[in-house]
Amino acid sequence: MKRRWLFLSLLSVWLLSACQALTTREMDVLEGATLTLREPLTFPAGDTRLHIQGGETRSYWRINQYQTHCRLELDGAREQAHTLQPGEFRVARVRYEWDQVQHGEQPVMVAGLGAFAGGGALTSRIEIVVLELDSAEQPEFARVRCMQWMDPQWARVPTLDEVRGALGERFVLELP
């Protein structure tokens with residue numbers, strides 16, 4: 001009887017801690033943080049998004065999707081190139097999103113036949129942390145989305161250190 005009670009008690013504690021882990025994430029501390037742009041950053045004409053990885057702006061096709069990268073977003077399209085000036089942006093809100101991507105065909109070796117059969121598409125899960133920004137001086141700089149592709153069973157939101165690494169020396173992210 002004591003063992004059963006002990007087992008149920010431990011199970012309850014474990015379940016409660018699992019619920020806590022689901023509701024609190026490391027990136028939640030960023031609400032109210034300051035994101036400082038240290039040098040001018042130019043968005044090409046017609047683009048509302050810039051991709052950055054390791055502190056370098058890159059085209060979408062040059063991003064290593066399996067490493068943390070961020071997408072900087074402006075509100076509204078612009079016909080001409082737009083330059084953000086150095087300044088501070090407050091992180092007004094932190095949100096989380098996810099997406100799933102299927103890519104390529106993975107051949108499967110059929111045991112005993114020495115032949116390959118179609119195994120179906122590979123799947124990656126993308127966990128995304130979205131930093132909604134606020135600035136009276138440059139309100140067009142709307143958000144930063146940081147993400148990486150991962151195997152679905154290991155998928156997780158990028159850490160604070162990974163986000164800082166993706167933004168590089170161009171940005172300073174200070175906690176409140």
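The values are calculated or read from the model by the stated rules, or taken from the named source; none is laboratory data. Note that the coordinates shown come from a computational prediction; the quantities given were computed from them, not determined experimentally. Ideal geometry is used to build each Cβ from the backbone, glycine not excepted, and the neighbour counts take in all protein chains shown.
Observations on the model:
- Meets criteria (over 29 Å from E169 (Cα atoms), out of contact with any Cys (no Cβ under 6 Å at 6 or more places or on another chain), exposed (fewer than 11 other Cβ atoms within 10 Å of the Cβ) and modelled with pLDDT under 95) for A115: yes
- Filtered residues of the range 1-53 (kept if assigned to a helix (DSSP H, G or I), loosely packed, with under 10 Cβ neighbours inside 10 Å and modelled with pLDDT of 55 or more): K2, R3, R4
- Of everything in the range 158-172 that is touching a Ser or Thr at 6+ places or on another chain (Cβ under 7 Å) and part of a helix (DSSP H, G or I), the residue that is farthest from G87 (Cα to Cα) is E162.
- Scanning the range 146-159 for residues that are buried (at least 17 other Cβ atoms within 10 Å of the Cβ) and either of a type in the set (K, R) or in contact with a helix residue (DSSP H, G or I) (Cβ under 7 Å, 6 or more places away or on another chain) (or both) yields C146, V157.
- Residue match in the range 84-92 (condition: part of a strand (DSSP E or B) and either modelled with pLDDT under 95 or of a type in the set (V, I, T) (or both)): yes
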